[in-house]
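A short reminder: the numbers here are calculations on the coordinates, not readings from a lab. Bear in mind that the values here come from a model prediction, so they are computed numbers and not experimental data. Because the Cβ atoms are built from the backbone with ideal geometry, glycine has one as well, and the counts that use them run over all protein chains shown.
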Amino acid sequence: MPRQRRKRMAEINVVPYIDVMLVLLVIFMITAPMLTQGVKVDLPRADAEPVEGQNDAPLVVAVDAQGAYHLEHDTSISRDLDAEQLSVRVAAILRLKPKTPVYVKGDESVGYGKVVYAMVLLQKAGASGVGLLTESESDR
C-alpha cells in the first residue's frame with residue numbers, strides 16, 4: 001500500500017516575532033519617560049544664525065540685572081512682573097497660540113538660578129520647549 005504524501009506547509013510562524021515585538025514595546029515604554037525628565041535646553045553657539053520660518057511672534061522672558069522679569073510679546077513689553085503674574089500672562093498667550101516659540105534671555109550678571117526659575121515658570125505655564133537667547137560676539 002503506497003504511503004500518502006503530505007503537502008508541505010508554506011506558512012511563516014509569526015509567534016516568535018510577536019513575542020519579540022511585545023518585549024521591545026515594554027522596554028520602550030519603560031525607558032521613554034526616563035529620557036524626557038528634566039529641563040531640555042538647546043544652547044545656541046555664539047555665532048548661530050537667526051531662527052527663521054516661524055509664523056508666530058516669539059514670546060521672550062527677559063531677566064534683568066536686578067532679577068526682575070519682563071515679558072516681551074509682539075510689540076508689547078510688560079515690566080517688573082513677579083512670578084505669578086508672569087505665569088498667568090504666559091499661560092494666557094500659550095492658550096491662544098500654543099505653537100508660539102518661547103525664549104529666555106538673561107543678563108550675564110544675574111544668577112543662574114533666577115534664569116532656571118524663569119524656565120520652570122514657563123514650563124508650568126504650558127511651554128513645551130524653551131530656548132535661550134544669546135548675543136553674538138560681533139554684536140558686542
Total residues in the stretch 78-109, condition in a strand (DSSP E or B), free of Cβ contacts under 8 Å to residues at least 40 places away in the same chain and in contact with a Leu (Cβ under 7 Å, 6 or more places away or on another chain) | 2
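Counting just the residues of the stretch 62-77 that are part of a strand (DSSP E or B) and hydroxyl-bearing (S, T, Y), which one comes out nearest to Q123 (Cα to Cα)? Please lay out each step first, then the result.
Filtering the stretch 62-77 for residues part of a strand (DSSP E or B) gives 62-63, 69-73, 76-77.
Still in the running and hydroxyl-bearing (S, T, Y): 69, 76.
Working: Y69: 15, S76: 22 Å.
For the stretch 62-77, the residue satisfying everything is Y69.
Considering only the stretch 85-119, state which residues are β-branched (V, I, T), within 19 Å of the chain's Cα centre (by Cα), buried (at least 16 other Cβ atoms within 10 Å of the Cβ) and over 14 Å from E72 (Cβ atoms). Let's see the steps before the verdict.
Applying the first criterion (β-branched (V, I, T)) to the stretch 85-119 yields 88, 90, 93, 100, 102, 104, 110, 115-116.
Narrowing the set further to residues that are within 19 Å of the chain's Cα centre (by Cα) leaves 90, 93, 100, 102, 104, 115-116.
Now narrow it down to the ones that are buried (at least 16 other Cβ atoms within 10 Å of the Cβ): 90, 93, 100, 102, 104, 115.
If the condition is that a residue be β-branched (V, I, T), within 19 Å of the chain's Cα centre (by Cα), buried (at least 16 other Cβ atoms within 10 Å of the Cβ) and over 14 Å from E72 (Cβ atoms), then V115 is the only one that fits.
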